[in-house]
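The values are calculated or read from the model by the stated rules, or taken from the named source; none is laboratory data. Note that the coordinates shown come from a computational prediction; the quantities given were computed from them, not determined experimentally. For neighbour counting, all protein chains shown are included, and Cβ atoms are generated from backbone atoms with ideal geometry for every residue, glycine included. When the accessible area is computed, the model is the full protein with side chains, heavy atoms only, and any ligands, DNA or RNA have been set aside. Shrake-Rupley method; radii C 1.70, N 1.55, O 1.52, S 1.80 Å.
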Amino acid sequence: MRGFGDLEAVIMQLVWDRGGAVTVRELFDEMRQERAIAYTTVMSTMDNLHRKGWLNRVKDGKAYRYTATASREEYSARLMREALAGGGDTEAVLIHFVAQMDGEESEVLRAIVRRLADSKGQMPG
């Protein structure tokens, strides 16, 4: 897996922001307010995202209604997992990642580790 292209990322953000099924026309109408873009470009990009497994679609009359197959957070987690897998020494990568966190982020990480350890019946390390 790799990250989305620029237009794919914009479309996925709009789909996630809407939180439900959306048509090409609805996204096109929203996007053309901010940029010059062709309907067919939006349609082909959404079709590509469907073929890649990021969007589900259901026929609704002559159009399709699209929904995301994964949440924004699940997508981010997949990117993080891919980066970790391809980053060399896992411990070193995690050290650098955690060192870049601010206080609030590191507290969230501690809470998650505690919660995961508790759910597995283990003491946090």
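Only residues that are surrounded by 13 or more Cβ atoms within 10 Å (Cβ to Cβ) and among the hydroxyl-bearing types (S, T, Y): list them for the stretch 75-90, please.
Y75
Any residue in the stretch 83-96 that is of a type in the set (A, V, I, L, M) and modelled with pLDDT of 95 or more?
So the first thing to find is which residues in the stretch 83-96 are of a type in the set (A, V, I, L, M), and the list is 83-85, 92-95.
Cutting the leftovers down to modelled with pLDDT of 95 or more gives us none.
Checked the stretch 83-96: no residue is of a type in the set (A, V, I, L, M) and modelled with pLDDT of 95 or more.
What pairs come up if the first residue lies in the stretch 104-117 and is more than 14 Å from L94 (Cβ to Cβ), the second is at pLDDT below 85, and their beta carbons are under 6 Å apart, counting only those six or more places apart or on different chains?
Pairs that qualify, where the first residue is more than 14 Å from L94 (Cβ to Cβ) and the partner is at pLDDT below 85, are R114/P124; A117/P124.
Please pick out the residue among V98, V113, V108, V93 that is β-branched (V, I, T), in a helix (DSSP H, G or I) and open to solvent by less than 50 Å² (accessible area, probe 1.4 Å). Don't jump to the end; show me each part of the working.
Values: V98 fails: open to solvent by less than 50 Å² (accessible area, probe 1.4 Å); V113 fails: open to solvent by less than 50 Å² (accessible area, probe 1.4 Å); V108 fails: open to solvent by less than 50 Å² (accessible area, probe 1.4 Å).
Checking each option against the conditions leaves just V93.
Could you check the stretch 32-52 and list, in sequence order, the residues that are touching a residue at least 12 places away in the same chain (Cβ under 8 Å) and under 15 Å from A70 (Cα atoms)?
Residues satisfying the conditions are M46, L49, H50.
May I ask you to verify whether R72 is open to solvent by less than 80 Å² (accessible area, probe 1.4 Å), basic (K, R) and under 14 Å from the mean Cα position of the chain (by Cα)? Don't jump to the end; show me each part of the working.
On the way: open to solvent by less than 80 Å² (accessible area, probe 1.4 Å): yes; basic (K, R): yes; under 14 Å from the mean Cα position of the chain (by Cα): yes.
For R72, the condition - open to solvent by less than 80 Å² (accessible area, probe 1.4 Å), basic (K, R) and under 14 Å from the mean Cα position of the chain (by Cα) - is met.
Looking at the stretch 9-31, which of its residues are open to solvent by less than 20 Å² (accessible area, probe 1.4 Å) and either closer than 23 Å to M80 by Cβ or touching a residue at least 60 places away in the same chain (Cβ under 8 Å) (or both)?
Listed by number, the residues that qualify are I11, M12, V15.
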